[in-house]
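Colleague: Would you mind keeping the following structure in view while I ask a few things?
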Amino acid sequence: MSDQVVISPVVRQPRSYAWWNAVNAWLLLLPATVLLVAFTHYPILATIRHSFFIMRRNGTEVFVGLDSYRSMAADPIFWRALVNNFWFALGTIPTSIALALLMAMWVNRNMRGRGFLRLAYFTPTVLPMIAVANIWLFFYTPDYGLLDQLRGLIGFAGWNWLGDPSTVMSCLVVMVIWKEAGFFMIFYLAALQQLSPDLEEAAAVEGASRWYTFRRITFPLLMPTTLFVAINAVINSFKLVDHLVIMTKGGPNNASTLLLYYIYEVAFTFQDSAYAATLTVVLLVLLSTVALIKFGYLDRRIHYQ
């Protein structure tokens, strides 16, 4: 008796059924699309358009082309804010990421008081921004602040930490690292708890040192988390405004002026919306470049599984 191969007929979905699935998918995406266009894409396009116009007192707009961009190129405060932002990002991003990784590895161990340590590291993240600024104002206040009281114990005179151009940026960098490291630690802690302990045990059996295990096994497996944290740190380094308003107002002599704070001053203090739009376009270009590097280059070189 010969074997008979039964071939089941190919079931094709009716064309109307596939079309209805496509309609359902677009309807599900519609609310998010409307919100994205209304609150992200349209404001970006409106800002780019506004950067080519100036507003007269009677409310009419006048096309000026690239005049605002030429003014920006000749504006020394803009270049000062851009350079300040570069140094601020360079000071906060690597240090906060390294500190977050160290804290995550520390509180991931089995030890007494681990829950308290996690809470202590994460607490700065949940504090309101104004409260954080006031806490650090207490540290940096000349003569009466905590730093000057400690310096006074060893015979040093008081120092105006936020009033000296050579120290004000470092003070802001320390404050931001203190606030952000605990937030980034949560992501590293979640990633570490997803790693299989078999990998470390196998490395220990082979005689690998703890540093070698971290460098060749643990850290490469944490690269997706590192990329995510780094992108967030870059964005945060361009978002600082409220602390500057409370602590320095960009001073002294624009030594602590960052790009977004300068946009805030131009738009709401000097009421120059066209120039503020021009500065905003520069900020958009910078952040878009970071996004393109992330999605177009870094994502292809990081293994997510």
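Colleague: Note down all Cβ pairs under 6 Å where the first residue falls in the range 143-163 and is free of Cβ contacts under 8 Å to residues at least 60 places away in the same chain and of a type in the set (G, A, S), the second is open to solvent by less than 100 Å² (accessible area, probe 1.4 Å) and not in a loop (DSSP other than H, G, I, E, B), and they're at least six residues apart or on different chains.
Modeller: G145/F139; G158/D148
Colleague: Additional query: Among the numbered criteria (1) free of Cβ contacts under 8 Å to residues at least 60 places away in the same chain; (2) surrounded by 15 or more Cβ atoms within 10 Å (Cβ to Cβ); (3) closer than 17 Å to L101 by Cβ, which single criterion is violated by V245?
Modeller: V245 satisfies every listed condition except (3).
Colleague: Would you check which residues across the range 112-150 are open to solvent by 60 Å² or more (accessible area, probe 1.4 Å), outside any loop (DSSP other than H, G, I, E, B) and of a type in the set (S, T, Y) and list them?
Modeller: Y121
Colleague: Also, quick follow-up: For the range 151-167, state whether one or more residues are of a type in the set (S, T, Y), surrounded by 12 or more Cβ atoms within 10 Å (Cβ to Cβ) and closer than 16 Å to M247 by Cα. Lay out the reasoning, then the answer.
Modeller: Start the filter on the range 151-167 by keeping residues that are of a type in the set (S, T, Y), which leaves 166-167.
Restricting the remaining residues to those that are surrounded by 12 or more Cβ atoms within 10 Å (Cβ to Cβ) gives 167.
Filter again for closer than 16 Å to M247 by Cα, leaving 167.
Looking through the range 151-167, at least one residue is of a type in the set (S, T, Y), surrounded by 12 or more Cβ atoms within 10 Å (Cβ to Cβ) and closer than 16 Å to M247 by Cα.
Colleague: Tally time: how many residues in the range 182-198 are part of a loop (DSSP other than H, G, I, E, B) and among the aliphatic types (A, V, I, L, M)? Talk me through it step by step, then tell me what you get.
Modeller: Filtering the range 182-198 down to residues part of a loop (DSSP other than H, G, I, E, B) leaves 195-196.
Of the ones still in play, those that are also among the aliphatic types (A, V, I, L, M) are 195.
So the count comes out to 1.
Colleague: Also: Residue pairs, Cβ under 6 Å, 6 or more apart or interchain, first in the range 283-305 and at negative phi and open to solvent by 50 Å² or more (accessible area, probe 1.4 Å), second part of a helix (DSSP H, G or I) and at pLDDT 80 or above. List them.
Modeller: L298/L227; Y304/P224
Colleague: I would also like to ask the following. Of the residues M55, M72, which single one is in contact (Cβ under 8 Å) with a residue 24 or more places away in the chain and open to solvent by 90 Å² or more (accessible area, probe 1.4 Å)? Before the answer, list the steps.
Modeller: Details: M72 fails: open to solvent by 90 Å² or more (accessible area, probe 1.4 Å).
Just one listed residue meets the conditions, M55.
Colleague: Specify the residue that is farthest from the chain's Cα centre (by Cα); the eligible residues are those in the range 151-162 that are part of a loop (DSSP other than H, G, I, E, B) and of a type outside the set (A, V, I, L, M).
Modeller: Within the range 151-162, the subset part of a loop (DSSP other than H, G, I, E, B) is 154-162.
If we keep only those that are of a type outside the set (A, V, I, L, M) as well, we get 155-156, 158-161.
On the way: G155: 40, F156: 37, G158: 34, W159: 31, N160: 29, W161: 26 Å.
Ranking the qualifying residues of the range 151-162, first place goes to G155.
Colleague: Something else: If I ask for residues that are open to solvent by less than 100 Å² (accessible area, probe 1.4 Å), in contact with a helix residue (DSSP H, G or I) (Cβ under 9 Å, 6 or more places away or on another chain) and assigned to a helix (DSSP H, G or I), which ones from the range 35-52 would you list?
Modeller: Listed by number, the residues that qualify are I44, A46, T47, I48, H50.
Colleague: Which of the residues spanning the range 227-242 are open to solvent by 20 Å² or more (accessible area, probe 1.4 Å) and either over 24 Å from W79 (Cβ atoms) or part of a helix (DSSP H, G or I) (or both)? Reasoning before the result, please.
Modeller: Keep residues of the range 227-242 that are open to solvent by 20 Å² or more (accessible area, probe 1.4 Å), which gives 228, 230-232, 234-236, 238-239, 241-242.
Passing the criteria: F228, A230, I231, N232, V234, I235, N236, D242.
Colleague: Here is a follow-up. Among the numbered criteria (1) farther than 25 Å from K249 by Cβ; (2) in a helix (DSSP H, G or I); (3) among the charged types (D, E, K, R), which one does R80 miss?
Modeller: (1)
Colleague: One residue is enough: does the range 174-181 have a residue meeting the conditions part of a helix (DSSP H, G or I), under 31 Å from the mean Cα position of the chain (by Cα) and surrounded by fewer than 19 Cβ atoms within 10 Å (Cβ to Cβ)? I'd like the intermediate steps shown before the answer.
Modeller: Restricting attention to the range 174-181, the residues satisfying the condition of being part of a helix (DSSP H, G or I) are 174-181.
Still in the list and also under 31 Å from the mean Cα position of the chain (by Cα): 174-181.
Subsequent filtering for residues that are surrounded by fewer than 19 Cβ atoms within 10 Å (Cβ to Cβ) retains 174, 178.
Yes, the range 174-181 contains a residue that is part of a helix (DSSP H, G or I), under 31 Å from the mean Cα position of the chain (by Cα) and surrounded by fewer than 19 Cβ atoms within 10 Å (Cβ to Cβ).
Colleague: Please go through (1) over 18 Å from the mean Cα position of the chain (by Cα); (2) assigned to a helix (DSSP H, G or I); (3) within 27 Å of P43 (Cβ to Cβ) for Y297 and return the number of the only condition it doesn't satisfy.
Modeller: Checking Y297 against (1) over 18 Å from the mean Cα position of the chain (by Cα); (2) assigned to a helix (DSSP H, G or I); (3) within 27 Å of P43 (Cβ to Cβ), the one that fails is (3).
Colleague: Go through the range 203-218 and give me each residue that's open to solvent by 70 Å² or more (accessible area, probe 1.4 Å) and either modelled with pLDDT of 90 or more or not acidic (D, E) (or both). Give the steps one after another, and end with the answer.
Modeller: Initial filter on the range 203-218 (open to solvent by 70 Å² or more (accessible area, probe 1.4 Å)): 205-206, 210-212, 215-216.
Within the range 203-218, V205, R210, W211, Y212, R215, R216 meet the criteria.
Colleague: Hey, another quick one. Which of the numbered conditions does R109 fail, given that it passes all the others? Conditions: (1) assigned to a loop (DSSP other than H, G, I, E, B); (2) over 23 Å from F187 (Cβ atoms); (3) open to solvent by 70 Å² or more (accessible area, probe 1.4 Å); (4) not polar (S, T, N, Q).
Modeller: Unmet condition: (2).
Colleague: Pull up the range 255-271, narrow it to residues that are open to solvent by 10 Å² or more (accessible area, probe 1.4 Å) and within 17 Å of I48 (Cβ to Cβ), then point me to the one that is modelled with the lowest pLDDT.
Modeller: Filtering the range 255-271 for residues that are open to solvent by 10 Å² or more (accessible area, probe 1.4 Å) and within 17 Å of I48 (Cβ to Cβ), the one modelled with the lowest pLDDT comes out as A267.
The values are calculated or read from the model by the stated rules, or taken from the named source; none is laboratory data. Keep in mind that what you see is a predicted model, and the values were worked out from it rather than measured. We place every Cβ from the backbone using ideal geometry, glycine too, and count neighbours over all the protein chains shown. Accessible surface is based on the protein model in full, side chains and every heavy atom, while ligands, DNA and RNA are left aside. Shrake-Rupley method; radii C 1.70, N 1.55, O 1.52, S 1.80 Å.
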